Amino acid sequence: MVLLHAADGLEWQAPPKGTSLKTLSEAEAMGFIMIRGEFQKRQFRLTGLGFDHVERDRRRLEARRKD
């Protein structure tokens, strides 16, 4: 989830520092992100599914804060 919440929109971007290849691969396998590049030049972006998931989660967290 940290990887998804760190994403800034749907544009290609570098993963947050300390993000493992395993984390990226798992998120890609679930259909939440797309990956391109190799090693230090690796980038990711949210898919439509990933973006929707993050938005639902943000709304859920916001609702919990208001209670």
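The values are calculated or read from the model by the stated rules, or taken from the named source; none is laboratory data. Every value quoted in this text rests on a predicted model; they were computed, and no experiment measured them. A quick note on method: Cβ atoms are made from the backbone with ideal geometry, for glycine too, and the neighbour counts reach across all protein chains shown. Side chains included, ligands, DNA and RNA excluded: accessible areas come from the protein's heavy atoms. Shrake-Rupley method; radii C 1.70, N 1.55, O 1.52, S 1.80 Å.
Projecting the Cα atoms of PRO16, GLN40, LEU61 onto the dipole axis of the chain, where Lys and Arg carry +1 and Asp and Glu carry -1 at the beta carbon, places LEU61 farthest toward the positive end.
Between the residues HIS5, SER25, PHE51, the greatest Cα displacement towards the positive end of the dipole of the chain, with unit charges on the Cβ of Lys, Arg, Asp and Glu, is found for HIS5. Per residue, the solvent-accessible area of the chain (1.4 Å probe, heavy atoms of protein chains only, all protein chains present) comes to 75 Å².
Taking 0.36 nm per residue of separation and subtracting the current Cα-Cα distance, fully stretching the chain between GLN13 and ARG60 would add 14.4 nm.
So for the chain, averaging the separation of alpha carbon pairs under 8 Å that are six or more residues apart and normalising by length, what relative contact order in percent results?
Numbers: 66 pairs, mean separation 21.8, N = 67.
The value is 33 percent.
What 222 nm value per residue comes from the helices of the chain, counting each DSSP H run with n ≥ 4 as -39,500 (n - 2.57) and dividing by all residues, nearest 500 deg cm²/dmol? All intermediate terms of the calculation are to be shown ahead of the outcome.
Numbers: 3 runs with 33 residues, N = 67.
That comes out to -15000 deg cm²/dmol.
By the gyration tensor of its Cα atoms, with a ≥ b ≥ c the square roots of the eigenvalues, what is the shape of the range 1-63: rounded for a/c under 1.5, prolate for a/b over b/c, or oblate? Prolate, since a/c reaches 1.5 and a/b exceeds b/c.
Charging the Cβ of each Asp and Glu at -1 and of each Lys and Arg at +1, and nothing else, the dipole of the chain about its Cα centre rounds to 180 debye. Just checking the listed ones, GLY18, GLY50, GLY31: in the Gaussian network model of the chain with Cα springs under 10 Å, the one fluctuating most is GLY18. For the chain, the longest principal axis of the alpha carbon atoms and the long axis of helix 48-66 meet at an angle near 40°.
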